[in-house]
Each structure stands twice: as structure tokens, then as C-alpha cells.
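Only the coordinates and a few stated rules stand behind these numbers; no lab work does. These numbers come from a predicted model, not from an experiment. In this analysis, Cβ positions are derived from the backbone assuming ideal geometry, glycine residues included, and neighbour counts consider all displayed protein chains.
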Amino acid sequence: MTTPPPPPLLPTAPPAPTSPVPHAPPVDAHRVAPPRVGPVPTAQRAVAPDLARGLALLGIAIANSVVHLSTGAIGLGFRPVDGSALDRAVDGVVSLLVDHRTMPMFALLYGYGIGVVVRRRAAAGVPWAACRTDLLRRATVLLAVGAAHVVLLFEGDILGAYGLAGLLAVALVRVPDRALLVTAALVLPLTGLLNGLLGSVLVLDPSLGSADALASTSTGSPLVALGMRLLGGLAAAPVGAFMALPLVLAGLWAARRELLERPADHVRLLRRTAVVGLTVSVLGGAPFATAVARLREPSVLDAFGSGTLHLVTGAAGGVAFAALVGWVVVARGTTPATLGPVGRALRAVGARSLTCYLLQSVLFVLPLAPWAGGLGAGLGTSQVVAWAVGVWLVTVVVAVRLEAAGRRGPAESLYRRLVYGRPTVGSAPAPAA
């Protein structure tokens, strides 16, 4: 908030009656620093978005777990073709409830965060040009963090893809609601076709699945793994951005209505979205999930159609999971007592989602990668999914301890430093993340 100007000094002598009182020249708006918006303390953050992020990170850990295996040939859903009966059962459940469900949820929440930033800046009187610069800077830094993540650890990074999607979304931030939803609806089926095409190619030529899910998990050389990560990450980021964009735009639309910040005002919509979306997600994902579990052998056309349907209905599942969290928050309340220990832990993780996401990669890659600990060799999907749950629980412990200490996550602090620079004495606070 800017300080009001002091009252004008009284003139030392009355003006001459024949001379009009001169008016002060107009203030040049371009020379006035835009208002700044301070960070929101954790205790004042909206509960539902953080709870949803914390839950989404569990799904992301499970979804990513399979790519850390070093087992050779893969089939539909990047699942090993030679898994045990238990592995195949786990593959089917994960495909039905997690794959292409929790990633869309996280993309939705990323878009929601962009929408919140825009709304808060507008409410504080920040000019659009300054807000746009802020959004572009945030997305660019996220893209850079994602690139570093690929170089150091994991070519399956989503941060770079979200950074690219964020850059694209800035151009659509101020378009009408209808344009947002129409754009999302047009892009989403195209992303589904990409997934269907990948599945059909693996069925058409199974020899293409004779490598690991991620190339860098197939070598024991750190330098070769680095080169593979660079190539894989460079190819994956634009595709990931394209696939995330519809959900990012849906998140912008939801943020305009404060659906997750004021869930009690939208409980009927949240309930209906959760019920319908989860139903669509399960029914639409079942054909592909049964093929992933090897309960049936799909044809090329079947793999294409079920793969397309799996991704498109997964978007409905991601939206539904977020709506379900908002619905639960309305029922449970938002105080620490009503949230309970599980809710408080999820909120702590969600408020530090960048730190917890990057920590997941450390806890996966260093122990399991063949060029590091090498423990991924010989594991099945059931075992690596159990590992994923353990990894997520470790991040929960870290987040809860940071919450108890009243500290942001280190990655969040670094992100803010990269976006806004080092604060100086007497400077205005940086905008909220």
C-alpha cells in the first residue's frame, strides 16, 4: 500500500485576486512505482489448494516410480512386461487411479496459482504490464529450475513443462471464460491422441519397448546418463507443456471463481464435479488399465482408442480429485483441530510442493539409478510403488518439521530469490508466491 501524500503547505500570502490559483501538473503514472503485494503467511494460505497439492505429490511419486526401474522391456503404460502377478495387479490399479490423473491435478493447481497471482495483483492495483512481467519471470525461472532438475537428476521432470505452459498461459490470462474453456477443450483431445499413438506403436512393434522407461536408467555411466537426460528432457518438455496446458487453463478458470479458496460457496459444484469426474475417470480408464495389467491383449486400434480415452478421462479425474479435496474441506473445516494430523501434514507438504517434488527425485534417483546406488535393478513395480510411498512419507516428515519451525521450503526460498532477487533493507516485500 502506498503512503498517502502529505497535505499541501498553506501559502504564505493569499493569491492575488486577479490571478487564478495554479493547478499542480498531473502526476506521470509511469514514474510511480506499482504497488507491491507481500507474501501470504502459511497460516493464512487457502487450505484446499495446499491439501490438494500434498495429495497430488503422493500420486506423482507413485506415477513416476516405474521409470526408476532397471528391468529392460516395457509395454503399455511404461510397465515391465515380465512382472509378477502382484506387479500386474499393482500396474492395473495405478493405471486406473493414478496415471494421467494426479499429473493433471497438479497442472490444474499450477494454473490455479497463476490465477490467484493475477487476482491479487489486480486487487492491489498493480498495472497489467507489471503483472505480466511478473508472470513471465516466474514461468521462466520455473523452466530454468526444471532444466537444472533434468541435468542433475531426472529427465521425467515436469517443472520445465509447467514453465513452458505458464509462458503460453500468460497470453490467455485475460481472455474471457469461454475462450479459456474452448481452448482447453480443443487442446485436450489432441493430447489424448498422442497417448493413444504411443500405445498403439508399442503394440504394433513390441521391440520398441525393449529399453527402459527412461533411457538414463539403462546405463551405469553418469556421463552417458547425463547425455541421455539432456536429450530426453529436451524432447519431453514441449510435449509435457502441450499436455499440461488444458489443465492449466482450467485452473485459471477455477481461480477466477475462487473455487478452492472459498469452497463453502461452491459446495454443490464441487460435489457434482467430484462425483461425475471420478465416475468418468474410472470408466474411461478401465479399458487401458486392464490392458496394462495384461488381463487382455489389445489390438493396435484398441491400444490407440483406449490410450486416447485414458488420458482424456484422466483430465476429468484430475479435476475431480481437486474438487473432492475442496468438498472435504467444507465438511471438515479449516482449523488445525478439524484438519487433524493427516490434513495438517498434507497442507505442510502442499505449501512446500517444489521442495517436496525435488526431494522425491533425490530419494528415487540416488538409491535406484544404475549410475548411482543401483538398487532399482531387479525390483518389480509393486516394490517400487512401495518405495514411492516411503519417499512421499519422508517428504511429509521434512515438510512437517519445516512447518513446525515456521520456515518455507528451501526450494521455495530459492525460487523467490531467483524471481525477485535478494531483498534489500527498506525495500517493499516481493509479491506472494
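Net charge dipole, the stretch 253-412: roughly 480 debye, given to the nearest 20, about the Cα centre with Cβ charges of +1 for Lys and Arg and -1 for Asp and Glu.
In this Cβ point-charge picture (+1 for Lys and Arg, -1 for Asp and Glu), the stretch 43-419 has a dipole of about 1640 debye about its Cα centre. The HN-Hα couplings worked out from phi for the stretch 123-136 by the Karplus form 6.51 cos²θ - 1.76 cosθ + 1.60 (θ = phi - 60°) are 5, 8, x, 6, x, 4, 4, 5, 5, 4, 4, 4, 5, 5 Hz, whole numbers, x standing for Gly and Pro. Its Cα centre serving as origin, the stretch 268-347 has a Cβ charge dipole (Lys and Arg +1, Asp and Glu -1) of approximately 460 debye. Which whole-angstrom value gives the distance between the alpha carbon centres of the stretch 342-376 and the stretch 71-112? Here the answer is 17 Å between Cα centres.
When the stretch 43-419 is described by a simple charge dipole with +1 on each Lys and Arg Cβ and -1 on each Asp and Glu Cβ, the residue from W253, L58, A185 located farthest towards its positive end is W253.
Counted by neighbouring Cβ atoms within 10 Å, the residues E261, E297 run from fewest to most as E297, E261.
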